[in-house]
Amino acid sequence: MTIPNFQGTVLTSADEGYDDARAAFQLAGWHRPDVVGVASSASDVAAAVRYAAERGMPVAVQNTGHGMPVPADGGLLINVSGLTGVAVDPGARTARAEAGARWRDVVREAAAHGLAGPNGSAPSVGVVSYLLGGGISILGRTAGHASDHVRAIEVVTADGTERRVTADSDPDLFWALRGGRANFGVVTAVELDLFPLERLYGGALYFDAEHVPAVFAAYREWTASVPDEMNSSIALVPLPDLPMVPEPLRGRHVAHIRIAYLGDADAGERLVAPLRGIAPRLVDSVRVMPYPEIGTIHNEPDVPMGYFTTHALVGDLPQTAVDELLRLTGPGGSDAPRIMEIRHLGGAMAKAPAVPSAVGHRDAAYFVAFLSPLVGGLTADDVRDFHDRLDAVVAPWKLGHALNFLYGANATPENVRAAYEPGDYERLVALKRAYDPSNLFRLNHNIPPA
Ligand SMILES: Cc1cc2nc3c(=O)[nH]c(=O)nc-3n(C[C@H](O)[C@H](O)[C@H](O)COP(=O)(O)OP(=O)(O)OC[C@H]3O[C@@H](n4cnc5c(N)ncnc54)[C@H](O)[C@@H]3O)c2cc1C
């Protein structure tokens, strides 16, 4: 089949290539769209949106498939992964990243000019979706929410128009796109700020299972006193006994502290010293590192997999709650492998941005996430009750959700609503009515127009 004025590839389930074009990083969910349009340009995106709008077909969009909110069943899936252009303007300290660019592309191009952007923990994640969802940056306590660094957004809205949206040109739409994600159009490129940053003091500290309670307790206390230049998180990870895992960590249930400090190295070393003093480290890679090595701090796997994850943004996380979480997820706590992660927020993330956006819960002190790999035949239904118990532990301090981490069965209308401040959600609904009254863009973290 064809889409008028569409130069890329159009596929239906009858075509070879359909499966590749709808495949996502998240293997627990598959899109089953009626049509996939693999775009080769922004004009293709506009042609596809017009085609769908004329036929009342819902539109979904995908880059890497790292963050599939709901599977696109039926409708038109626009695959933007081929639009990978990244251009850095070193004088203006900005980058323009197309819809298919990943953070590793921006990191590489920016580093050539001694610059860096507000990327997250995994360089393989797509730039556009991460920014539209708020973006909890690995530099967040120092640099703020990643979406606060967006200067311009090129987007195709539901009427099929290609627009360049800025705070001056369309203040309402610019506000809504930064936080409202795929609800207001298909973004074809973003322009964002870069910072001068060639090196940082960062890396990972790994501790063995017997030290897990002491490490979590000391980490939590330590976060109360560190400056905004200190960005960190901690994870509890059962590592498989496989050759891909480095020998000192293989088959161990470890506490993994991640450090990204943006002050000078001596100050960083003094700040990290109390953590180093908790217990012997299995691995200690905290050092002055070139910025392009940023992905080694979290060292997240880069191979597609199935997983179920829940999370909360919390205003506080008392030690009693951490103890209970460790009792449930810690070494010996459960049969299936569970990953628990606590990211320290606050600092610049808690400050009001220069240009307001729809991103909510800036007052969160921590981000707490639980992840169950869906391996060996395990399904989301098998692990849901366990996640409910974990979520209940943090519920008393929960402020809401971060859109970037609401996937699959967890991307319910209630949870989407809980990503926003109540007044902001009502404003998003009103803007959705204005820009997408027929809810063409509904195969996403949907904000219904009514
Ligand atoms: C290993 C890992 C680490 C992560 N670390 C972080 C982190 O540190 N901080 C953080 O904030 N998030 C993080 N995330 C979450 C990540 O930001 C989201 O999953 C994000 O949606 C991924 O974007 P993508 O383009 O890679 O994925 P996709 O699945 O391709 O996109 C996700 C959704 O975004 C929307 N979308 C995609 N492209 C467009 C577009 N061009 N226009 C409009 N809407 C679009 C669509 O609804 C799409 O379904 C992480 C995810 C993973 C898997």
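Every number in this text was worked out from the coordinates using simple rules, so none of it is lab data. The structure presented is a predicted model; accordingly, all values stated were derived computationally and were not measured. For neighbour counting, all protein chains shown are included, and Cβ atoms are generated from backbone atoms with ideal geometry for every residue, glycine included.
Listed values, structure above:
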{"quantity": "Using a Förster distance of 60 Å, the FRET efficiency for Ala217-Gln7 (Cβ separation, nearest 0.05)", "calculated": "0.55"}
{"quantity": "Residue list for segment 8-44, given a label point 7 angstrom along the Cα-to-Cβ vector of Ala87 and an amide N cut-off under 14 Å", "calculated": "42"}
{"quantity": "5 angstrom amide H check on Leu197, placed H, neighbours 5+ away", "calculated": "Leu115, Ala116"}
{"quantity": "The chain, relative contact order in percent, only Cα pairs under 8 angstrom and at least six apart counted", "calculated": "18"}
{"quantity": "Listed residue (Val150, Ile138, Ser169) projecting farthest to the positive dipole end of segment 86-196, Cβ model", "calculated": "Ile138"}
{"quantity": "C-alpha center-to-center spacing [segment 340-361, segment 282-327] in angstrom", "calculated": "17"}
{"quantity": "Estimated dipole of segment 9-79 in Debye, rounded to 20 [Cβ of Lys and Arg +1, of Asp and Glu -1, Cα centre]", "calculated": "220"}
{"quantity": "Pairwise FRET efficiency - Asp316 versus Ser438, Cβ, R0 = 41 Å, nearest 0.05", "calculated": "0.45"}
{"quantity": "For the chain, calculated [θ]222 nm from helices alone, where every DSSP H run of n ≥ 4 adds -39500 (n - 2.57)", "calculated": "-7500 deg cm²/dmol"}
{"quantity": "Sorted by Cβ neighbour density within 10 Å, fewest at the top, the residues Ile259, Ile3, Ile138", "calculated": "Ile3, Ile259, Ile138"}
{"quantity": "Relative contact order of segment 199-413, defined on C-alpha pairs under 8 angstrom at six or more residues apart (%)", "calculated": "26"}
{"quantity": "Rough spin-label spacing in nm, given labels placed 7 Å along Cα→Cβ, for Leu242 and Ala267", "calculated": "4.0"}
{"quantity": "Val429/Glu210 FRET efficiency (R0 41 Å; Cβ-Cβ; nearest 0.05)", "calculated": "0.20"}
{"quantity": "Average Cα contact separation per residue, segment 9-79, under 8 Å, 6 or more apart, as relative contact order %", "calculated": "40"}
{"quantity": "Cα-based Rg of segment 9-79 normalised by 2.2 N^0.38 Å, two decimals", "calculated": "1.01"}
{"quantity": "Value of Rg to Rh for the chain (Rh from inverse mean 1/r over Cα pairs, i.e. Kirkwood)", "calculated": "0.96"}
{"quantity": "Amide proton proximity set for Ala60, modelled H, under 5 Å, gap of 5+", "calculated": "Leu76, Leu77, Ile78"}
{"quantity": "Size of electric dipole in the chain: Cβ of Lys, Arg +1 and of Asp, Glu -1, about Cα centre, debye, nearest 20", "calculated": "360"}
{"quantity": "Segment 261-280-segment 363-415 distance, computed between alpha-carbon centres (Å)", "calculated": "31"}
{"quantity": "Cβ-based charge dipole, the chain, positive-most Cα from Pro274, Leu326, Thr12", "calculated": "Pro274"}
{"quantity": "Cα-based convex hull, segment 1-158, per residue volume (Å³, whole number)", "calculated": "118"}
{"quantity": "Taking Thr310, Thr12, Thr2 and counting other C-beta atoms within 10 Å, the order from fewest to most", "calculated": "Thr2, Thr12, Thr310"}
{"quantity": "Linear extension gain, Ala23 paired with Ala167, 0.36 nm per residue minus alpha-carbon span", "calculated": "48.4 nm"}
{"quantity": "Unit charges on C-beta of K, R, D, E only; dipole of segment 66-166, Debye", "calculated": "340"}
{"quantity": "For segment 86-196, alpha-carbon Rg over 2.2 N^0.38 Å", "calculated": "0.99"}
{"quantity": "Segment 157-201-segment 91-136 distance, computed between alpha-carbon centres (Å)", "calculated": "13"}
